[in-house]
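Colleague: Okay, handing you the structure first.
The values are calculated or read from the model by the stated rules, or taken from the named source; none is laboratory data. Note that the structure is predicted; figures quoted are calculated from it, not measured. Please note: Cβ atoms are built from the backbone with ideal geometry, for glycine as well, and neighbour counts cover all protein chains shown.
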Amino acid sequence: MAKKTVHELEPGQSFTSFFAVRKKEVKEYDGKPFLLLELGDRTGRIEAVIWERFPEITKGVAKRDVVKVQGTVITYRERPQISIKKIRRAEPSEYDASDFLPESERDRKAMYRCLLEKARGIKNAHLRTLLLRCFEDEAISEKLLEAPGGKLWHHAYLGGLLEHTLGVTALCERAAELYALADRDLLVAGALLHDIGKIVEYEWSTFFDYSDEGRLQGHIVLGEQIVRRKMETIEGFPEELWKQLSHILLSHQGRREFGSPVVPMMLEAIILYYADELDSKAGAFTRVIKKEGAEGNKWSSWVHLIERFIYLGPDADAHSRERTSE
């Protein structure tokens, strides 16, 4: 029986395959307990259930484990679900870690080199030094090469943070040409650094999840702390310059309810906020178009985070193939 990815699973299939355990919860239905799992790989996620003897069947299985699953695909509330017959923790020799984490279509090392080029192109010596102190730190660069831009919604793949950062930076570079009062160096530095805290906020082994620090503090605070520590190693870094850069970093989510402790109160800060919004939303829409358009749909399924359907077009499958080949 051939291994199946989540994307390949169809109702009625019986299969044996390997997945990562994303969630493991005991639920109750009609007064009886059952086990609900969320399993996943690099192609997607799917719920799975065990109705009886689940403590015995799942002994030794924990969240983040890779498991070997034997089961059947059923339909529940118009969505595919796995009814598990057997499950056990997989041995490392049985699977390839790359099967569980999606990766950017762009070359990650090339994106990192582009990031360094943009940092070196900053004219302000203090900002340029600060950027290079951050990006040339091996402990930071190693994580930058892998970190996702988000957990699920946008750029949620290895190298996603680099891809998102370069996208936001390109938008800010263009905005600096349009709005003469914007300080280009300050704006671009903010764009390059705005999400650096995500290298600590997220952790990844078999899927992307929040770290303890990520849940407790969030990437905005974590990022400002990283940059502040580097700034403090630079002799004579201007206090006013740090005040402005710090504000840009802290306000880049735009609203307090979105995680920013302050709202944008500088021209550069408001530009960065909207550039970040544009790149993240366009990235998320692109993900939905590629995934659901490949299935030949004219409309996406309901997208809870933005409370709407996304129109994929009359020839969604061809549109998706064209996008994927770029």
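Colleague: Test residue 43 against the criterion of being within 26 Å of the chain's Cα centre (by Cα) and either loosely packed, with under 15 Cβ neighbours inside 10 Å or among the polar types (S, T, N, Q) (or both), and give yes or no. Show your work before the answer.
Modeller: Numbers: within 26 Å of the chain's Cα centre (by Cα): yes; either loosely packed, with under 15 Cβ neighbours inside 10 Å or among the polar types (S, T, N, Q) (or both): yes.
The answer is yes for residue 43.
Colleague: So, one more: Among the numbered conditions (1) outside the structural domain of residue 280 (by TED's automatic domain parsing); (2) in contact with a Ser or Thr (Cβ under 8 Å, 6 or more places away or on another chain), tell me where residue 149 comes up short.
Modeller: (1)
Colleague: Now for a separate question. Kindly provide the set of residues from the range 254-295 that are not in a helix (DSSP H, G or I) and not β-branched (Val, Ile, Thr), ordered by number. Steps first, answer last, please.
Modeller: Step one: of the range 254-295, the residues not in a helix (DSSP H, G or I) are 254-255, 259-266, 294-295.
Within the range 254-295, 254, 255, 259, 260, 261, 264, 265, 266, 294, 295 qualify.
Colleague: Given the criteria more than 18 Å from residue 166 (Cα to Cα) and in contact with a Phe, Trp or Tyr (Cβ under 6 Å, 6 or more places away or on another chain), does residue 265 qualify?
Modeller: The answer is no for residue 265.
Colleague: For the structure I just gave you, tell me whether residue 180 is touching a helix residue (DSSP H, G or I) at 6+ places or on another chain (Cβ under 6 Å) and either in the same structural domain as residue 137 (by TED's automatic domain parsing) or free of Cβ contacts under 8 Å to residues at least 24 places away in the same chain (or both). Working first, answer last.
Modeller: Details: touching a helix residue (DSSP H, G or I) at 6+ places or on another chain (Cβ under 6 Å): no; either in the same structural domain as residue 137 (by TED's automatic domain parsing) or free of Cβ contacts under 8 Å to residues at least 24 places away in the same chain (or both): yes.
In short, no.
Colleague: Using beta carbons and a limit of 7 Å, which pairs, at least six apart or on different chains, have the first residue in the range 200-211 and touching a residue at least 12 places away in the same chain (Cβ under 8 Å) and the second one hydroxyl-bearing (Ser, Thr, Tyr) and surrounded by fewer than 22 Cβ atoms within 10 Å (Cβ to Cβ)?
Modeller: Here the result reads 200/211; 201/210; 201/211; 202/210; 202/211, each pair linking the range 200-211 to a residue that is hydroxyl-bearing (Ser, Thr, Tyr) and surrounded by fewer than 22 Cβ atoms within 10 Å (Cβ to Cβ).
Colleague: Please find, within the range 29-63, the residue that is nearest to residue 99 (Cα to Cα) out of those that are of a type in the set (A, V, I, L, M, F, W, C) and touching a residue at least 40 places away in the same chain (Cβ under 8 Å).
Modeller: Among residues in the range 29-63 that are of a type in the set (A, V, I, L, M, F, W, C) and touching a residue at least 40 places away in the same chain (Cβ under 8 Å), the one nearest to residue 99 (Cα to Cα) is 39.
Colleague: Residue 152 - would you say it is crowded, with 16+ Cβ neighbours inside 10 Å, within 29 Å of residue 65 (Cβ to Cβ) and under 11 Å from the mean Cα position of the chain (by Cα)?
Modeller: When the stated conditions are applied, residue 152 does not pass them.
Colleague: Any residue that is at pLDDT 90 or above, closer than 30 Å to residue 164 by Cα and outside the structural domain of residue 156 (by TED's automatic domain parsing) - is there at least one of those in the range 68-87?
Modeller: no
Colleague: Just checking, does the range 119-134 include any residue being under 17 Å from residue 167 (Cα atoms), surrounded by fewer than 15 Cβ atoms within 10 Å (Cβ to Cβ) and modelled with pLDDT of 95 or more?
Modeller: Yes, because at least one residue in the range 119-134 is under 17 Å from residue 167 (Cα atoms), surrounded by fewer than 15 Cβ atoms within 10 Å (Cβ to Cβ) and modelled with pLDDT of 95 or more.
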